[in-house]
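Accompanying notes for the structure given below.
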Amino acid sequence: MSRVILGIESSCDDTSAAVVRDGVVLSNVIASQKVHESYGGVVPELASRAHQQNIVPVVAEALRQAGVSKDELSAIAYTRGPGLIGSLLVGSSFAKGLSLALDIPLVEVNHLQGHALSPLIRESEEDSVPPFPYLTLLISGGNSQIIVVKSANEMEIVGSTIDDAAGEAFDKCGKVMNLPYPAGPVIDRLAKTGNPKAFRFSKPHIPGLDYSFSGLKTSFLYTLRDELKTNPNFIAERQEDLAASLQNVIIEILMEKLEKSIGIYKPADIAIGGGVSANSGVRGAVEKLAAKHGIKAWIPPLKYTTDNAAMVATVGYYKFLDGDFSSLDETPYAKIAAKL
Ligand code: KG4
């Protein structure tokens, strides 16, 4: 008998629903919220209102594209946290209501576990996935972590940011360059025509496998402040060079700890996930690092790097196989859980 899982993701500003049959994605619908653009960041209250508007049509479309009726569903998987509490409430309430109405199990998914297991997303039976254990670099707007994925339900965070996430370094530096939010993709594009060695920004000296990006942000600000004293048009004139140099140092910081973790854990496979893993420089650097160490890099398709329900439904599928169900009493959590 086939297992059909509906996944629902609503942790931040993307409303997404996906259908996975026996571990293979049949549909993955994402409604991104444009309403935040003019504010330079996600406005939580507007995000939850938009989720409320989007959730019913997005789920209906995911079922339609999958060619699956709701009576065929085996379980509902939803993102319980971490994320914006109002946004999470919309997805979790919807998931609970649907599981009650259809009398099928509910499976809660940790958003970060979703990103960490995104290399397991398959679009066809033939797609290969990394064997366990693998090491993954999870880099998003809110997190920068190195995780040893031992199995679908056992993973260990071995390195984490002690302050800002890599995505925040892109977004906040982009903001002072007057770039639209999120600045990461814009910096990626501008960097292609800039000189990555034009400016030197400071790199952190943090022991172990932890990351830090707040010092880089300060160093970036100081450079702008000093240059603007003599040239008020500095940012506009040197946009590409600033973008390329910033991206270059972020990649160097990310790769240093990733390489260190490869030395410690000696994985045969490494993966990346999270919004920043869409960055073309990061993707190239990870490929290069893997080649240097004679290991395999699993680089996700762009659509699975940012928030998506395919990863939620995929985790849901593995938890379903384990009989790891959730009760209606579970409430969403905003902060990262101590354990994945
Ligand atoms: O995983 P994600 O979609 O969700 C959150 O953590 O909220 O990650 C969003 C982050 C943002 O900081 C965005 O600027 C960054 O991913 N991002 C990128 C690129 N595409 C998205 N950063 C650098 N280069 C990109 N191409």
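Considering every residue within region 132-141, establish whether at least one is surrounded by fewer than 20 Cβ atoms within 10 Å (Cβ to Cβ) and closer than 23 Å to Ser261 by Cβ.
yes
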Exercise. Select from region 256-272 the residues that are buried (at least 18 other Cβ atoms within 10 Å of the Cβ) and closer than 19 Å to Ala169 by Cβ and write down the one among them that is nearest to the ligand (Cβ to nearest atom).
Key: Ile272
Quiz item: Where residues in region 273-304 are outside any helix (DSSP H, G or I) and within 21 Å of Pro182 (Cα to Cα), which of them is farthest from the ligand (Cβ to nearest atom)?
Solution: Pro301
Practice problem: Considering every residue within region 183-193, establish whether at least one is closer than 25 Å to Leu137 by Cα and either touching a strand residue (DSSP E or B) at 6+ places or on another chain (Cβ under 7 Å) or more than 13 Å from the ligand (Cβ to nearest atom) (or both). | Solution: no
Quiz item: Within region 162-182, which residues are of a type in the set (Asp, Glu) and more than 11 Å from the ligand (Cβ to nearest atom)?
Solution: Asp163
Quiz item: In region 119-161, how many are more than 16 Å from the ligand (Cβ to nearest atom) and either of a type in the set (Asp, Glu) or in a loop (DSSP other than H, G, I, E, B) (or both)?
Solution: 15
Quiz item: Looking at region 301-328, which of its residues are under 15 Å from Tyr134 (Cβ atoms) and at pLDDT below 95?
Solution: none
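Would you point out which residue out of Ala47, Ala75 is surrounded by 22 or more Cβ atoms within 10 Å (Cβ to Cβ) and away from the ligand (no atom under 15 Å from the Cβ)?
Exactly one of Ala47, Ala75 is surrounded by 22 or more Cβ atoms within 10 Å (Cβ to Cβ) and away from the ligand (no atom under 15 Å from the Cβ), namely Ala75.
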Quiz item: When you go through Gly67, Gly40, Gly86, Gly81 one by one, which is the residue that is touching a helix residue (DSSP H, G or I) at 6+ places or on another chain (Cβ under 8 Å), farther than 30 Å from Asn178 by Cα and not basic (Lys, Arg)?
Solution: Gly81
Exercise. Give me the pairs, please: first residue somewhere in region 235-262 and within 19 Å of Ser202 (Cα to Cα) and small (Gly, Ala, Ser), second residue anywhere and within 12 Å of the ligand (Cβ to nearest atom) and part of a helix (DSSP H, G or I), beta-carbon distance under 6 Å, and either six or more positions apart or on two chains.
Key: Ala243/Ile187; Ala243/Leu190; Ala243/Ala191; Ala244/Ala191
Quiz item: Among all residue pairs at least 6 apart or on different chains, which show Cβ distances below 7 Å where the first residue, located in region 172-196, is modelled with pLDDT of 95 or more and the second is of a type in the set (S, T, N, Q) and not in a helix (DSSP H, G or I)?
Solution: Gly184/Asn279; Asp188/Asn279
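Yes/no matrix, rows are residues, columns are (1) among the hydrophobic types (A, V, I, L, M, F, W, C); (2) at pLDDT 95 or above; (3) within 28 Å of Ser151 (Cα to Cα); (4) in contact with a Phe, Trp or Tyr (Cβ under 8 Å, 6 or more places away or on another chain):
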position	(1), (2), (3), (4)
Arg225	no, yes, no, no
Thr230	no, yes, no, no
Ala236	yes, yes, no, no
Val249	yes, yes, no, yes
Leu254	yes, yes, yes, yes
Tyr265	no, yes, yes, no
Lys296	no, yes, yes, no
Exercise. Please specify each residue of region 194-213 satisfying the condition of being within 15 Å of the ligand (Cβ to nearest atom) and either farther than 25 Å from Gly159 by Cβ or in a helix (DSSP H, G or I) (or both).
Key: Gly194
Practice problem: Report whether or not Ile121 is of a type outside the set (Gly, Ala, Ser), touching a Gly at 6+ places or on another chain (Cβ under 6 Å) and closer than 30 Å to Pro267 by Cβ. | Solution: no
Quiz prompt | Number of the condition not met by Tyr318 [criteria: (1) among the hydroxyl-bearing types (Ser, Thr, Tyr); (2) away from the ligand (no atom under 14 Å from the Cβ); (3) more than 19 Å from Glu9 (Cα to Cα); (4) in contact with a helix residue (DSSP H, G or I) (Cβ under 9 Å, 6 or more places away or on another chain)] | solution = (3)
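The values are calculated or read from the model by the stated rules, or taken from the named source; none is laboratory data. Small disclaimer: the values here were computed from a predicted structure and weren't measured. Positions of Cβ are generated from backbone atoms using ideal geometry, with glycine treated the same way; all protein chains shown enter the neighbour counts.
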